[in-house]
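In what follows, a structure is listed as structure tokens, so that the remarks can point back to it.
The values are calculated or read from the model by the stated rules, or taken from the named source; none is laboratory data. All values reported here derive from a predicted model rather than from experimental measurement. Cβ atoms come from the backbone with ideal geometry, glycine included; neighbour counts cover every protein chain shown.
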């Protein structure tokens, strides 16, 4: 059974995303990684942080992801895969899971959006929307990414 009740959240920082689908809140913000960006060769790298929170009353397990990435030239790239950063978090009501990954672009800015596929213990599968967020040098800061970027952590890919 598919469902996709969603709501955008007011007060989201500029360029970030905050959506809720079937009790699962997805918050995402991105930041340019200057040390891994080289405009001379057409490479910009953005790190992004995702927070997945189960605000509902039933457990849900993340199965897969589907990203839709557009650059400033409107070039479309889609990335599909199992889990996130090698994990399939099982979110109990009230639990939150955070992860950090990255996305390379050939232009200075772009956007990402998509959805996660979750499953309930009874086998019900449902899509959870990832609202569009911006990969741009001018978006609101993501303080949680600053230390990660400063440490030079090798970013994963979408």
### Query
Are any of the residues in region 62-79 within 30 Å of residue 150 (Cβ to Cβ), modelled with pLDDT of 95 or more and part of a loop (DSSP other than H, G, I, E, B)?
yes
### Query
What is the number of the single condition among (1) surrounded by 17 or more Cβ atoms within 10 Å (Cβ to Cβ); (2) in contact with a helix residue (DSSP H, G or I) (Cβ under 9 Å, 6 or more places away or on another chain) that residue 35 does not meet?
(1)
### Summary
Within region 5-22, the count of residues that are in a strand (DSSP E or B) and at pLDDT 80 or above comes to 5
### Test: residue 58 is closer than 27 Å to residue 89 by Cβ, out of contact with any strand residue (DSSP E or B) (no Cβ under 8 Å at 6 or more places or on another chain) and in contact (Cβ under 8 Å) with a residue 60 or more places away in the chain
yes
### Message
Please determine whether any residue of region 132-144 is modelled with pLDDT under 95, farther than 23 Å from residue 62 by Cβ and buried (at least 19 other Cβ atoms within 10 Å of the Cβ).
### Response
yes
